[in-house]
Amino acid sequence: MNNKEIKINKNNYKKKTLEKLKGELTPIEYAVTMESATERPYSGKYLNSFEEGIYVDITTGEPLFSSKDKFESHCGWPSFSKPIEKEVTSYYKDNSHLMERIEVRSRVGDAHLGHVFNDGPQEFGGLRYCINSAALKFIKKADMEKEGYGYLLSIFNNKK
C-alpha cells in the first residue's frame with residue numbers, strides 16, 4: 001500500500017480548547033502550534049531522528065508524516081517529501097517576515113506545523129515540508145499498534 005491509498009478518518013481526532021492545550025503543551029509547543037511561532041533552527045528534537053515510525057499532530061494525535069518520507073535537507077528543521085495523506089494538511093499563503101511562503105497547518109487541530117517549499121528531492125516529488133519538531137509527536141513503528149496506529153503499519157511494507 002502506498003501513501004495514496006491510506007485514508008485517515010478525521011473524526012477519530014478532536015480539536016482541543018486553547019485552555020486545555022496551554023495546560024498540556026510546553027511553552028514552545030504552544031507558541032509554534034497556536035501562535036505560528038518557529039523553533040530555532042537546529043534545535044528541534046526530531047531534526048536528526050530517522051527511526052522508523054510516524055509523526056502525529058501534537059495537539060490532536062492525527063497522523064501527519066512518516067519516517068519513510070523524511071530526509072536530510074540541511075535546513076535546520078525536520079523535512080518530509082509529503083504527508084501520509086494529502087488531506088491531513090491545509091495550506092495558506094504566508095507573507096510574514098518579508099517572504100512569500102506556503103504555511104502548512106494540520107487538518108483537525110488547525111495547528112501551525114511549518115512551511116512547504118518546491119526545493120525538495122525531485123525523485124520524491126520535489127517538495128520539502130519544513131516542519132517544526134515542536135508541532136509533532138513521534139510514534140515508533142514498534143509502538144504504533146498499541147498506540148492505535150496499527151492501521152498505518154502498511155506504510156513500512158514497501159520502498160520509498
If you take the residues in the range 80-111 that are of a type in the set (A, V, I, L, M) and in contact (Cβ under 8 Å) with a residue 40 or more places away in the chain, which one is nearest to A135 (Cα to Cα)?
A111
For the range 26-35, which residues satisfy the criterion of being under 14 Å from the mean Cα position of the chain (by Cα) and not in a helix (DSSP H, G or I)?
none
So for the range 89-109 (the condition being open to solvent by 30 Å² or more (accessible area, probe 1.4 Å), modelled with pLDDT of 95 or more and among the acidic types (D, E)), does at least one residue qualify?
no
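Starting from residues that are small (G, A, S) and at pLDDT 95 or above, keep the ones in the range 38-63 and report whichever is surrounded by the most Cβ atoms within 10 Å (Cβ to Cβ).
So, considering only residues that are small (G, A, S) and at pLDDT 95 or above, the one surrounded by the most Cβ atoms within 10 Å (Cβ to Cβ) is G53.
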Of all residues in the range 31-79, count the ones that are more than 14 Å from A134 (Cα to Cα) and basic (K, R).
2
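In the range 69-91, which residue that is outside any loop (DSSP other than H, G, I, E, B) and of a type outside the set (A, V, I, L, M, F, W, C) is nearest to N157 (Cα to Cα)?
From the range 69-91, those outside any loop (DSSP other than H, G, I, E, B) are 69-71, 79-80, 86-91; that's our starting set.
So of that shortlist, the ones also of a type outside the set (A, V, I, L, M, F, W, C) come out as 69-70, 79, 86-87, 89-91.
On the way: D69: 13, K70: 16, S79: 21, K86: 20, E87: 22, T89: 24, S90: 27, Y91: 29 Å.
It comes out as D69.
Just to verify a result, which residue in the range 110-147, among those that are basic (K, R) and surrounded by 14 or more Cβ atoms within 10 Å (Cβ to Cβ), is nearest to E39 (Cα to Cα)? Write out each step before concluding.
Here is the first cut: in the range 110-147, the ones basic (K, R) are 128, 137, 140-141, 146.
With the extra rule that they be surrounded by 14 or more Cβ atoms within 10 Å (Cβ to Cβ), the set shrinks to 128, 137, 141.
Working: R128: 17, K137: 15, K141: 26 Å.
Restricting to residues being basic (K, R) and surrounded by 14 or more Cβ atoms within 10 Å (Cβ to Cβ), the top hit is K137.
The values are calculated or read from the model by the stated rules, or taken from the named source; none is laboratory data. What you see is a predicted model; the values in this text were computed from it and never measured. With ideal geometry, Cβ positions are generated from the backbone for all residues, glycine too; neighbour counts draw on all protein chains shown. Quick note on the areas: whole protein, heavy atoms, side chains included, nothing else; ligands and nucleic acids left out. Shrake-Rupley method; radii C 1.70, N 1.55, O 1.52, S 1.80 Å.
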